[in-house]
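Taking it in order: structure first as structure tokens, then the write-up.
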Amino acid sequence: MAFRHLLTAARRSRKSSNPTLLTAVRSSSTASPLATSSPSHPPSPPPPSVMIYDRLAESVKAKLKVLENPDPRFLKYGSPHPTLTSHTHILSSPETKITTLSNGLRVATESNLAAKTATVGVWIDAGSRFETEESNGTAHFLEHMIFKGTEKRSARDLEEEIENMGGHLNAYTSREQTTYYAKVLDKDVNKALDILADILQNSTFDKSRITRERDVILREMEEVEGQTEEVIFDHLHATAFQYTPLGRTILGPAQNIKTITKEHLQNYIQTHYTAPRMVIAASGAVKHEEVVEEVKKLFTKLSADPTTASQLVAKEPAIFTGSEVRIIDDDIPLAQFAVAFAGASWTDPDSIALMVMQAMLGSWNKNSVGGKHMGSELAQRVGINEIAESMMAFNTNYKDTGLFGVYAVAKPDCVDDLAYAIMYETTKLAYRVSEADVTRARNQVVTCVPTFLGIVPLPVPEIRIVAVKVNTNCNKLYYGCLCSMIQSASSSVGRADWLLPILDKVRSSSDDGLNVAGGGSLKSSLLLHIDGTSPVAEDIGRQLLTYGRRIPFAELFARIDAVDASTIKRVANRFIYDRDIVIAAMGPIQGLPDYNWFRRRTYWNRY
């Protein structure tokens, strides 16, 4: 009983003292910081009788006041204030650094200091599309003349300087872009930039050189005429975009080649080789700041005309016209034809879905393995029934339009069955698409894309011509062919190292955004395409010209993975279902159905 009385007395005394302490604590917590904080006299801790939560609150407040004025010796980079952090640099690794100079010239680099080589180049938003009817062929002619001497370097001096560096200088022209690039050792990057700046700003265009180069280009035109696959694609553009600049060939007509003068070349440079339409891209053993400073010193004579290529395209847009061109030639043993629909532009959101559709249609070659077991149902039909020598799907993108279709080579008595298979499988994309097919097209891993050119082994001289002439429509097709040749040569006669330098040249020379799909993966093709400094530099330059930025692979893969069966059906209904088509055919094509037959099979009257 006595113990109980003692506890009761203690509780009464504690209740009488707590209100005063709590009031003191609350008043101290609500007082002005200036009144309670003094750098020389820190506030004394609350008495032990205060509640534990109040003591913790006072402790945290004291620590926060210290962090507001941290000791720079220990908290130099610390901050108690939360901030939003961007992880874009992680997703886009390795980082592509971009600097825009005062005249509009863009400098973009991707550094890999572990590399011993580097590729630097100039990507220009100008090609045969920006020529007139009278000047068609000037862009390609200029590409040839740009290496024929400057004010301080003769053509011989230029060649010797590149050879002494052990470098590689090349160029190519397409319908919308022109590129000059050099691949050199890490210590010669500044020399390569100096050469590129010199040939683009100080070329002399000697009249005797122009006359000599005319004959070279005319011979090149004769060689192209003998390559039926390139002729087919030229005719396909000519009939699809007739009476528009995009329908003209890159080489131009022979009559124009014979009349191009020095004034035409200089006028084209002043009009189209302007700083806002150019990108200096570099990859490999380069440092962004050093490249930017060097470009500022060297590229000082470029025109700053703000007119963009998109503005010129808007004045003369490409208009797709459903039509056909047929050239009957019984001297050619095989019939070749291409069927195409109007495609998407570079920046169209559905361009990714078309790339997946291209992979779904795939490609097939008589000399390649596979047939009824291939993922593409079109390839299965062709392989099982043996109705073609080769076939491939293609997807070409331009600034405001594109071409999506199938190219095929077959014997004369098989063209009707092949035409039916192509139209059936293409139109089926608007009706029946399985998730398995879409997933396979996105993710199946392959190392090389077989193409239709593998049906006839190219002799070494013809490969050399392909590697040198990098201005035509089907260079990536040659790249696929060479991949197949290397595989077959390695398996039959051992190593095929003699083909690897040629393969590197052809792979670096893409044209018109032409993509070739096999039964394989879209994503693996994208990654393989940028395996090396030259393809990376090309990827940077082309994307900055077409998209205005470089799309990280994480973003691109996310876009590809977002394509499902319903997306394929929607995009097929937009581009394929009951749409006009274009046909280009050559050879013994008497058995090829007429245009109305093809047009009727762009839709089904059943599901």
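Restricting the range 566-581 to residues that are open to solvent by less than 10 Å² (accessible area, probe 1.4 Å) and either at pLDDT below 95 or in a helix (DSSP H, G or I) (or both), the residue that is farthest from residue 404 (Cα to Cα) is 568.
When the range 393-446 is filtered for residues that are assigned to a loop (DSSP other than H, G, I, E, B) and not hydroxyl-bearing (Ser, Thr, Tyr), the ones remaining, listed by number, are 399, 400, 411, 429, 430, 432, 433, 444, 445, 446.
So if I check each of 344, 340, which one is closer than 17 Å to residue 570 by Cβ, crowded, with 20+ Cβ neighbours inside 10 Å and small (Gly, Ala, Ser)? Before you say what the answer is, go through the steps one by one.
On the way: 340 fails: closer than 17 Å to residue 570 by Cβ.
Only one candidate qualifies: 344.
Taking the condition open to solvent by 10 Å² or more (accessible area, probe 1.4 Å), modelled with pLDDT under 95, among the polar types (S, T, N, Q) and within 24 Å of the chain's Cα centre (by Cα), does residue 396 pass? Here the answer is no, as residue 396 does not meet what is asked.
Within the set 155, 182, the sole residue that is buried (at least 24 other Cβ atoms within 10 Å of the Cβ) and in contact (Cβ under 8 Å) with a residue 12 or more places away in the chain turns out to be 182.
Here residue 126 meets each of (1) closer than 30 Å to residue 314 by Cα; (2) in contact with a His (Cβ under 8 Å, 6 or more places away or on another chain); (3) not in a loop (DSSP other than H, G, I, E, B); (4) not polar (S, T, N, Q) with one exception, condition (3).
In this structure, residue 552 does not satisfy being open to solvent by less than 10 Å² (accessible area, probe 1.4 Å) and not hydrophobic (A, V, I, L, M, F, W, C). Candidates are the residues of the range 521-547 that are buried (at least 22 other Cβ atoms within 10 Å of the Cβ) and farther than 25 Å from residue 107 by Cβ; the one that is modelled with the lowest pLDDT is 521. Residues of the range 361-392 that are polar (S, T, N, Q) and in a loop (DSSP other than H, G, I, E, B): 367, 368, 376.
Which members of the range 150-185 meet the condition of being small (Gly, Ala, Ser), part of a loop (DSSP other than H, G, I, E, B) and modelled with pLDDT of 90 or more? Selection gives 154, 174.
The values are calculated or read from the model by the stated rules, or taken from the named source; none is laboratory data. Nothing here was measured: the structure is a model prediction, and the numbers come from that model. So basically every Cβ, Gly included, is an ideal-geometry build from the backbone, and we count neighbours across all protein chains shown. All accessible areas refer to the heavy atoms of the entire protein, side chains included, with ligands and DNA or RNA removed. Shrake-Rupley method; radii C 1.70, N 1.55, O 1.52, S 1.80 Å.
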